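Step one of this worksheet: look at the structure below.
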Amino acid sequence: MRVSRRPQPFTATTLHRVSFVLLLYSSLLQPADACAAAAEDTEEGVAGTGTSSDVALILCRACGHELAVGADIHSVPSRLSLSGRNDTLVGGRRVHVQLFENPHGHKFEVITFRRADVDVHWPADKHFSWFPGFSWTVATCPRCHTHLGWAFQPSVWPDIVSKTTFLESKETFLALITHRLLREDFASSLLMTPKSFTS
Ligand SMILES: [Zn+2]
């Protein structure tokens, strides 16, 4: 920055100049960021067939453990959800995201899966189920033990069943908390993002 010949204190004008440069810098960054994201979408859109989202890995956000693939996502709408919205995975798979509230007033946004590599903690509980006709158990990450969501099984079943019974049934499903999951393609795009964009 050019310095005035006359000595002058660090004035408000100088501050304005600095903030203008900063504003300009950040406004230059934003479109570039948006373009990069758009380009990425386009590439995925061209390369992506109907199957790209089916094989997209879904990871534990806390430790990166591979929990499921896109094809494991299985919509189970519940009339007890506070709200529901549709989201789209890369490759076009539609995902139904539902918001629920537990008896303590905590809200959770979940995606339902037919199967996932999680630890299920029986006995199952029939009370306060978000899915009428199903009892629930807590589901955790098998590697880091983070609480990832809940497993559901028909409420007419015994409270304790074997893992094999649970896995082999087509009536069981899991509701996993969206913000505790990470898509692998999203994780790799995070790793490629310069630090200046993320700070
Ligand atoms: Zn984990």
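The values are calculated or read from the model by the stated rules, or taken from the named source; none is laboratory data. These numbers were taken from a predicted model, which means no experiment stands behind them. Methodologically, a virtual Cβ is constructed for each residue, glycine included, from the backbone with ideal geometry; neighbour enumeration extends over all protein chains shown.
With the structure loaded, tell me whether Thr137 is at pLDDT 95 or above and within 16 Å of the ligand (Cβ to nearest atom) or whether it fails that test. Break it down into steps so the answer makes sense when it comes.
Numbers: at pLDDT 95 or above: yes; within 16 Å of the ligand (Cβ to nearest atom): no.
So Thr137 fails the test.
Are any residues in region 107-134 closer than 23 Å to Lys170 by Cβ, within 22 Å of the chain's Cα centre (by Cα), away from the ligand (no atom under 16 Å from the Cβ) and charged (D, E, K, R), and if so, which ones?
Applying the first criterion (closer than 23 Å to Lys170 by Cβ) to region 107-134 yields 110-126, 129-134.
Pick out the ones that are also within 22 Å of the chain's Cα centre (by Cα) and you get 110-120, 130-131.
Cutting the leftovers down to away from the ligand (no atom under 16 Å from the Cβ) gives us 110-112, 114-115, 130-131.
Selection gives Arg114, Arg115.
Determine whether region 157-164 contains at least one residue that is of a type in the set (S, T, N, Q), at pLDDT 95 or above and touching a Leu at 6+ places or on another chain (Cβ under 8 Å).
No, every residue in region 157-164 fails to be of a type in the set (S, T, N, Q), at pLDDT 95 or above and touching a Leu at 6+ places or on another chain (Cβ under 8 Å).
Of the conditions (1) part of a strand (DSSP E or B); (2) modelled with pLDDT under 95, Pro123 fails just one. Which one is it?
Only one criterion in (1) part of a strand (DSSP E or B); (2) modelled with pLDDT under 95 is unmet by Pro123, namely (2).
Give the residues of region 140-178 that are more than 16 Å from the ligand (Cβ to nearest atom), of a type outside the set (A, V, I, L, M, F, W, C) and assigned to a strand (DSSP E or B), sorted by residue number.
Gln153, Pro154
Being among the acidic types (Asp, Glu) and over 18 Å from Cys141 (Cβ atoms) is the filter; apply it to region 63-108 and report the residue that is modelled with the highest pLDDT. Before you say what the answer is, go through the steps one by one.
The initial filter retains those residues of region 63-108 that are among the acidic types (Asp, Glu), namely 66, 72, 87, 101.
Narrowing further to those that are over 18 Å from Cys141 (Cβ atoms): 87, 101.
On the way: Asp87: 86, Glu101: 96.
Selected residue: Glu101.
Filter region 127-138 down to residues that are exposed (fewer than 14 other Cβ atoms within 10 Å of the Cβ) and touching a strand residue (DSSP E or B) at 6+ places or on another chain (Cβ under 7 Å), then give me how many there are.
Restricting attention to region 127-138, the residues satisfying the condition of being exposed (fewer than 14 other Cβ atoms within 10 Å of the Cβ) are 127-128, 132-133.
Add one more test, that the residue is touching a strand residue (DSSP E or B) at 6+ places or on another chain (Cβ under 7 Å), and what stays is 133.
So the answer is 1.
Criterion first (out of contact with any Cys (no Cβ under 9 Å at 6 or more places or on another chain) and more than 17 Å from Arg183 (Cβ to Cβ)) does Arg94 satisfy it?
On the way: out of contact with any Cys (no Cβ under 9 Å at 6 or more places or on another chain): yes; more than 17 Å from Arg183 (Cβ to Cβ): no.
Against the criterion (out of contact with any Cys (no Cβ under 9 Å at 6 or more places or on another chain) and more than 17 Å from Arg183 (Cβ to Cβ)), Arg94 does not qualify.
Which residues, taken from region 131-161, are of a type in the set (D, E, K, R) and touching a Lys or Arg at 6+ places or on another chain (Cβ under 9 Å)? Steps first, please.
To start, the set of residues in region 131-161 that are of a type in the set (D, E, K, R) comprises 143, 159.
The one that is of a type in the set (D, E, K, R) and touching a Lys or Arg at 6+ places or on another chain (Cβ under 9 Å): Asp159.
For region 80-106, name all the residues that are more than 15 Å from the chain's Cα centre (by Cα), surrounded by fewer than 11 Cβ atoms within 10 Å (Cβ to Cβ) and in a strand (DSSP E or B).
Ser83
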